[in-house]
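Contents: one structure, followed by commentary.
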Amino acid sequence: MLSYIAHRLASTILVMTLVGIFVFLLLHFSAGDPAAIIAGDYATPQQIVAIRQRLGLDDPLLVQFWRWALRVIKGDLGVSIFSNTPVGVLIIQRLEPTLSLALLTMLFAVSIAVSLGVIAAWRVGSLVDRALMGFSVLGFSMPAFVVGYSLIYIFAIELRWLPVQGYRSLADGVGPWILHLILPTVTLGLAYIALIARMTRASMLEVLEEDYIRTAKAKGVTTRTMLMKHALKNAGVPIVTVIGIGVALLIGGVVITETVFNIPGIGRLVVDAISKRDYPIIQGVILLFSGIYVLVNLLVDLSYSLIDPRIRYR
(Lines give C-alpha, C1' and ligand atoms only; values in the text may rest on other atoms or scores of the structure.)
Protein backbone atom coordinates (compact mmCIF):
# COMPACT_ATOMS: atom_id res chain seq x y z
CA MET A 1 0.00 0.00 0.00
CA LEU A 2 2.75 2.47 0.92
CA SER A 3 4.64 1.77 -2.30
CA TYR A 4 1.44 2.26 -4.29
CA ILE A 5 0.77 5.60 -2.57
CA ALA A 6 4.35 6.71 -3.20
CA HIS A 7 4.03 5.75 -6.87
CA ARG A 8 0.75 7.66 -7.22
CA LEU A 9 2.17 10.74 -5.51
CA ALA A 10 5.15 10.67 -7.87
CA SER A 11 2.82 10.45 -10.86
CA THR A 12 0.83 13.32 -9.37
CA ILE A 13 3.90 15.55 -9.51
CA LEU A 14 4.32 14.69 -13.20
CA VAL A 15 0.65 15.40 -13.90
CA MET A 16 0.78 18.75 -12.10
CA THR A 17 3.92 19.69 -14.03
CA LEU A 18 2.24 18.94 -17.36
CA VAL A 19 -0.87 20.85 -16.28
CA GLY A 20 1.26 23.83 -15.31
CA ILE A 21 3.06 23.86 -18.67
CA PHE A 22 -0.18 23.50 -20.62
CA VAL A 23 -2.00 26.24 -18.70
CA PHE A 24 0.95 28.63 -18.92
CA LEU A 25 1.27 28.22 -22.69
CA LEU A 26 -2.49 28.32 -23.28
CA LEU A 27 -2.87 31.61 -21.43
CA HIS A 28 0.13 33.29 -23.02
CA PHE A 29 -0.86 32.26 -26.54
CA SER A 30 -4.49 33.35 -26.10
CA ALA A 31 -5.75 36.69 -27.36
CA GLY A 32 -5.63 39.72 -25.08
CA ASP A 33 -2.93 41.77 -23.43
CA PRO A 34 -3.16 42.42 -19.67
CA ALA A 35 -0.88 45.44 -20.06
CA ALA A 36 -3.35 47.03 -22.49
CA ILE A 37 -6.26 46.28 -20.11
CA ILE A 38 -4.41 47.83 -17.17
CA ALA A 39 -3.42 50.90 -19.20
CA GLY A 40 -6.98 51.57 -20.35
CA ASP A 41 -8.54 52.55 -23.67
CA TYR A 42 -6.74 55.87 -23.99
CA ALA A 43 -3.21 54.71 -23.19
CA THR A 44 -0.38 55.39 -25.57
CA PRO A 45 1.77 52.57 -27.00
CA GLN A 46 4.67 53.81 -24.87
CA GLN A 47 2.60 53.45 -21.68
CA ILE A 48 1.58 49.91 -22.62
CA VAL A 49 5.19 48.97 -23.32
CA ALA A 50 6.25 50.42 -19.96
CA ILE A 51 3.61 48.34 -18.16
CA ARG A 52 4.68 45.19 -19.99
CA GLN A 53 8.30 45.79 -18.97
CA ARG A 54 7.31 46.40 -15.35
CA LEU A 55 5.30 43.16 -15.22
CA GLY A 56 7.96 41.17 -17.07
CA LEU A 57 5.54 40.28 -19.87
CA ASP A 58 8.05 41.20 -22.56
CA ASP A 59 10.53 38.56 -21.38
CA PRO A 60 10.86 35.32 -23.37
CA LEU A 61 8.22 32.70 -22.52
CA LEU A 62 10.86 30.33 -21.16
CA VAL A 63 12.11 33.01 -18.75
CA GLN A 64 8.55 33.82 -17.63
CA PHE A 65 7.72 30.15 -17.10
CA TRP A 66 10.91 29.45 -15.19
CA ARG A 67 10.29 32.46 -12.94
CA TRP A 68 6.72 31.35 -12.27
CA ALA A 69 7.67 27.67 -11.74
CA LEU A 70 10.31 28.55 -9.14
CA ARG A 71 7.74 30.53 -7.16
CA VAL A 72 5.22 27.68 -7.34
CA ILE A 73 7.78 25.17 -6.05
CA LYS A 74 8.29 27.46 -3.04
CA GLY A 75 4.52 27.59 -2.46
CA ASP A 76 4.12 31.06 -3.94
CA LEU A 77 1.39 31.25 -6.59
CA GLY A 78 2.39 34.78 -7.55
CA VAL A 79 0.75 38.17 -7.24
CA SER A 80 -2.36 39.40 -9.02
CA ILE A 81 -1.53 41.77 -11.85
CA PHE A 82 -4.47 44.05 -11.11
CA SER A 83 -4.99 44.00 -7.34
CA ASN A 84 -1.30 43.46 -6.47
CA THR A 85 -2.46 40.93 -3.87
CA PRO A 86 -0.87 37.48 -3.47
CA VAL A 87 -2.90 34.82 -5.29
CA GLY A 88 -2.80 32.58 -2.23
CA VAL A 89 -4.45 35.32 -0.15
CA LEU A 90 -7.16 35.83 -2.77
CA ILE A 91 -7.90 32.10 -2.86
CA ILE A 92 -8.14 31.87 0.93
CA GLN A 93 -10.51 34.86 0.97
CA ARG A 94 -12.80 33.11 -1.53
CA LEU A 95 -12.43 29.59 -0.12
CA GLU A 96 -15.40 29.43 2.27
CA PRO A 97 -18.20 30.01 -0.30
CA THR A 98 -16.73 27.53 -2.78
CA LEU A 99 -16.00 24.91 -0.12
CA SER A 100 -19.49 25.29 1.36
CA LEU A 101 -21.15 24.93 -2.04
CA ALA A 102 -19.01 21.96 -3.10
CA LEU A 103 -19.44 19.98 0.14
CA LEU A 104 -23.18 20.58 0.35
CA THR A 105 -23.56 19.61 -3.31
CA MET A 106 -21.64 16.36 -2.86
CA LEU A 107 -23.63 15.45 0.26
CA PHE A 108 -26.93 16.28 -1.43
CA ALA A 109 -26.12 14.67 -4.78
CA VAL A 110 -24.59 11.43 -3.50
CA SER A 111 -27.37 10.74 -0.99
CA ILE A 112 -30.14 11.45 -3.51
CA ALA A 113 -28.48 9.76 -6.49
CA VAL A 114 -27.58 6.51 -4.74
CA SER A 115 -31.11 6.24 -3.33
CA LEU A 116 -32.64 6.85 -6.76
CA GLY A 117 -30.32 4.34 -8.41
CA VAL A 118 -31.10 1.63 -5.86
CA ILE A 119 -34.86 2.19 -6.19
CA ALA A 120 -34.66 2.17 -9.99
CA ALA A 121 -32.72 -1.12 -9.98
CA TRP A 122 -35.10 -2.69 -7.48
CA ARG A 123 -38.14 -1.67 -9.55
CA VAL A 124 -36.47 -2.19 -12.95
CA GLY A 125 -38.87 -1.84 -15.85
CA SER A 126 -41.57 -0.23 -13.73
CA LEU A 127 -43.01 3.26 -14.05
CA VAL A 128 -40.81 4.35 -11.15
CA ASP A 129 -37.69 3.12 -12.95
CA ARG A 130 -38.60 4.88 -16.20
CA ALA A 131 -39.47 8.10 -14.39
CA LEU A 132 -36.23 8.14 -12.43
CA MET A 133 -34.11 7.42 -15.48
CA GLY A 134 -35.98 10.02 -17.49
CA PHE A 135 -35.24 12.52 -14.75
CA SER A 136 -31.56 11.52 -14.87
CA VAL A 137 -31.35 12.07 -18.62
CA LEU A 138 -33.06 15.45 -18.30
CA GLY A 139 -30.83 16.51 -15.43
CA PHE A 140 -27.64 15.58 -17.26
CA SER A 141 -28.66 17.27 -20.52
CA MET A 142 -29.74 20.64 -19.10
CA PRO A 143 -26.99 23.28 -18.79
CA ALA A 144 -26.35 24.53 -15.27
CA PHE A 145 -27.10 28.16 -16.12
CA VAL A 146 -30.54 27.19 -17.53
CA VAL A 147 -31.37 25.26 -14.36
CA GLY A 148 -30.05 28.09 -12.19
CA TYR A 149 -32.05 30.87 -13.83
CA SER A 150 -35.16 28.68 -13.89
CA LEU A 151 -34.90 28.00 -10.17
CA ILE A 152 -34.29 31.70 -9.48
CA TYR A 153 -37.41 32.66 -11.43
CA ILE A 154 -39.65 30.08 -9.74
CA PHE A 155 -38.47 29.99 -6.14
CA ALA A 156 -36.92 33.43 -5.69
CA ILE A 157 -38.87 35.80 -7.94
CA GLU A 158 -42.32 34.21 -8.21
CA LEU A 159 -42.69 32.34 -4.91
CA ARG A 160 -40.18 34.47 -2.96
CA TRP A 161 -39.21 31.51 -0.80
CA LEU A 162 -35.46 31.86 -1.22
CA PRO A 163 -32.88 34.61 -1.86
CA VAL A 164 -32.20 35.48 -5.48
CA GLN A 165 -28.42 35.67 -5.30
CA GLY A 166 -25.51 36.23 -2.94
CA TYR A 167 -23.87 34.36 -0.10
CA ARG A 168 -24.01 34.60 3.67
CA SER A 169 -21.11 33.38 5.75
CA LEU A 170 -21.55 30.57 8.23
CA ALA A 171 -20.53 33.09 10.90
CA ASP A 172 -23.81 34.94 10.21
CA GLY A 173 -25.80 31.89 11.27
CA VAL A 174 -26.66 28.45 9.90
CA GLY A 175 -30.11 29.56 8.73
CA PRO A 176 -29.03 32.36 6.35
CA TRP A 177 -26.07 30.24 5.23
CA ILE A 178 -28.32 27.35 4.23
CA LEU A 179 -30.99 29.57 2.62
CA HIS A 180 -28.46 31.19 0.29
CA LEU A 181 -27.01 27.81 -0.74
CA ILE A 182 -30.19 25.84 -1.47
CA LEU A 183 -30.69 27.00 -5.06
CA PRO A 184 -26.97 26.87 -5.99
CA THR A 185 -26.69 23.38 -4.48
CA VAL A 186 -29.65 22.05 -6.44
CA THR A 187 -28.38 23.71 -9.63
CA LEU A 188 -24.89 22.29 -9.29
CA GLY A 189 -26.02 18.90 -8.03
CA LEU A 190 -28.57 18.07 -10.73
CA ALA A 191 -26.09 16.82 -13.33
CA TYR A 192 -24.06 15.10 -10.60
CA ILE A 193 -27.20 13.27 -9.42
CA ALA A 194 -27.98 12.13 -12.95
CA LEU A 195 -24.47 10.73 -13.46
CA ILE A 196 -24.29 8.85 -10.16
CA ALA A 197 -27.89 7.58 -10.30
CA ARG A 198 -27.41 5.96 -13.70
CA MET A 199 -24.18 4.27 -12.64
CA THR A 200 -25.76 3.09 -9.37
CA ARG A 201 -28.68 1.57 -11.26
CA ALA A 202 -26.44 -0.20 -13.77
CA SER A 203 -24.13 -1.56 -11.09
CA MET A 204 -27.02 -2.67 -8.87
CA LEU A 205 -28.74 -4.47 -11.75
CA GLU A 206 -25.61 -6.50 -12.35
CA VAL A 207 -25.25 -7.42 -8.67
CA LEU A 208 -28.95 -8.29 -8.23
CA GLU A 209 -28.52 -11.08 -10.80
CA GLU A 210 -25.85 -12.83 -8.72
CA ASP A 211 -26.50 -16.18 -7.04
CA TYR A 212 -25.87 -14.92 -3.50
CA ILE A 213 -28.71 -12.39 -3.91
CA ARG A 214 -31.12 -15.16 -4.87
CA THR A 215 -29.87 -17.16 -1.89
CA ALA A 216 -30.49 -14.20 0.40
CA LYS A 217 -34.04 -13.90 -0.94
CA ALA A 218 -34.61 -17.63 -0.43
CA LYS A 219 -33.49 -17.33 3.20
CA GLY A 220 -36.09 -14.66 3.81
CA VAL A 221 -33.75 -11.68 4.11
CA THR A 222 -35.72 -8.44 4.11
CA THR A 223 -35.65 -6.30 0.99
CA ARG A 224 -33.96 -3.42 2.80
CA THR A 225 -31.17 -5.66 4.12
CA MET A 226 -30.76 -7.38 0.78
CA LEU A 227 -30.47 -4.09 -1.12
CA MET A 228 -28.34 -2.08 1.30
CA LYS A 229 -26.13 -4.72 2.93
CA HIS A 230 -25.67 -7.33 0.23
CA ALA A 231 -26.24 -5.63 -3.12
CA LEU A 232 -25.14 -2.00 -2.63
CA LYS A 233 -21.93 -2.93 -0.82
CA ASN A 234 -20.85 -5.24 -3.64
CA ALA A 235 -21.84 -2.65 -6.25
CA GLY A 236 -19.84 0.04 -4.48
CA VAL A 237 -16.61 0.09 -6.54
CA PRO A 238 -18.14 1.43 -9.80
CA ILE A 239 -20.28 3.90 -7.83
CA VAL A 240 -17.33 5.29 -5.91
CA THR A 241 -15.38 5.50 -9.17
CA VAL A 242 -18.01 7.63 -10.89
CA ILE A 243 -18.30 9.82 -7.78
CA GLY A 244 -14.57 10.54 -8.08
CA ILE A 245 -14.81 11.18 -11.81
CA GLY A 246 -17.76 13.48 -11.19
CA VAL A 247 -15.55 15.80 -9.13
CA ALA A 248 -14.31 17.22 -12.44
CA LEU A 249 -17.93 17.93 -13.37
CA LEU A 250 -18.41 19.54 -9.97
CA ILE A 251 -15.34 21.77 -10.34
CA GLY A 252 -16.46 22.98 -13.75
CA GLY A 253 -19.98 23.58 -12.50
CA VAL A 254 -18.78 25.67 -9.58
CA VAL A 255 -17.53 28.37 -11.95
CA ILE A 256 -20.89 28.63 -13.74
CA THR A 257 -23.02 28.34 -10.61
CA GLU A 258 -21.11 30.99 -8.68
CA THR A 259 -21.47 33.34 -11.64
CA VAL A 260 -25.23 32.75 -11.94
CA PHE A 261 -25.88 33.22 -8.22
CA ASN A 262 -23.27 35.96 -7.68
CA ILE A 263 -21.40 33.93 -5.07
CA PRO A 264 -17.99 35.45 -4.23
CA GLY A 265 -16.10 32.16 -4.42
CA ILE A 266 -13.07 30.85 -6.27
CA GLY A 267 -15.12 30.18 -9.42
CA ARG A 268 -16.17 33.81 -9.60
CA LEU A 269 -12.56 34.80 -8.98
CA VAL A 270 -11.52 32.80 -12.06
CA VAL A 271 -14.19 34.40 -14.24
CA ASP A 272 -13.11 37.90 -13.23
CA ALA A 273 -9.45 36.98 -13.77
CA ILE A 274 -10.15 35.62 -17.27
CA SER A 275 -11.91 38.82 -18.30
CA LYS A 276 -8.86 40.80 -17.16
CA ARG A 277 -6.22 38.32 -18.39
CA ASP A 278 -4.88 38.12 -14.84
CA TYR A 279 -2.47 35.24 -15.54
CA PRO A 280 -1.24 34.53 -11.98
CA ILE A 281 -4.77 34.06 -10.62
CA ILE A 282 -5.87 31.81 -13.49
CA GLN A 283 -2.74 29.67 -13.29
CA GLY A 284 -2.91 29.40 -9.50
CA VAL A 285 -6.58 28.41 -9.37
CA ILE A 286 -6.26 25.85 -12.18
CA LEU A 287 -3.30 24.28 -10.40
CA LEU A 288 -5.34 24.15 -7.20
CA PHE A 289 -8.33 22.53 -8.91
CA SER A 290 -6.06 20.05 -10.69
CA GLY A 291 -4.38 19.09 -7.42
CA ILE A 292 -7.75 18.57 -5.73
CA TYR A 293 -8.98 16.38 -8.58
CA VAL A 294 -5.85 14.22 -8.56
CA LEU A 295 -6.01 13.88 -4.76
CA VAL A 296 -9.68 12.89 -4.84
CA ASN A 297 -8.98 10.19 -7.41
CA LEU A 298 -6.13 8.88 -5.25
CA LEU A 299 -8.50 8.65 -2.27
CA VAL A 300 -11.06 6.89 -4.46
CA ASP A 301 -8.47 4.30 -5.54
CA LEU A 302 -7.47 3.71 -1.92
CA SER A 303 -11.09 3.27 -0.89
CA TYR A 304 -11.48 0.24 -3.19
CA SER A 305 -9.75 -2.04 -0.70
CA LEU A 306 -12.16 -0.91 2.01
CA ILE A 307 -15.18 -1.65 -0.16
CA ASP A 308 -13.85 -4.93 -1.58
CA PRO A 309 -11.22 -6.69 0.60
CA ARG A 310 -10.20 -8.82 -2.40
CA ILE A 311 -8.54 -5.80 -4.01
CA ARG A 312 -4.83 -5.52 -3.25
CA TYR A 313 -2.29 -2.87 -4.29
CA ARG A 314 1.22 -3.60 -5.47
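The values are calculated or read from the model by the stated rules, or taken from the named source; none is laboratory data. Owing to the predicted nature of the structure, the values given are computational and were not obtained by experimental measurement. All Cβ positions, glycine included, derive from the backbone under ideal geometry; neighbour counts span all protein chains shown. For accessibility, only protein heavy atoms count, side chains too; no ligands or nucleic acids. Shrake-Rupley method; radii C 1.70, N 1.55, O 1.52, S 1.80 Å.
Observations on the structure shown:
- Residue in segment 266-287 that is within 30 Å of Leu90 (Cα to Cα) and part of a loop (DSSP other than H, G, I, E, B) present: yes
- Checked against (1) in contact (Cβ under 8 Å) with a residue 40 or more places away in the chain; (2) surrounded by 18 or more Cβ atoms within 10 Å (Cβ to Cβ); (3) farther than 18 Å from Leu95 by Cα; (4) in contact with a helix residue (DSSP H, G or I) (Cβ under 6 Å, 6 or more places away or on another chain), Val237 meets all criteria but (2).
- For segment 39-70, filtered to residues that are without any contact (Cβ under 8 Å) to a residue 60 or more places away in the chain and in contact with a Pro (Cβ under 9 Å, 6 or more places away or on another chain), the residue that is surrounded by the most Cβ atoms within 10 Å (Cβ to Cβ) is Ile51.
- Count of residues meeting criterion [polar (S, T, N, Q), open to solvent by 30 Å² or more (accessible area, probe 1.4 Å) and at pLDDT below 85] in segment 250-302: 2
- Residue within segment 185-194 that is crowded, with 23+ Cβ neighbours inside 10 Å, hydroxyl-bearing (Ser, Thr, Tyr) and more than 30 Å from Thr241 (Cα to Cα) present: no
- For segment 136-166, filtering for residues that are open to solvent by less than 40 Å² (accessible area, probe 1.4 Å) and touching a residue at least 40 places away in the same chain (Cβ under 8 Å) leaves 7.
- Boolean, Ala202 is open to solvent by 60 Å² or more (accessible area, probe 1.4 Å), out of contact with any helix residue (DSSP H, G or I) (no Cβ under 7 Å at 6 or more places or on another chain), small (Gly, Ala, Ser) and over 20 Å from Arg268 (Cα atoms): no
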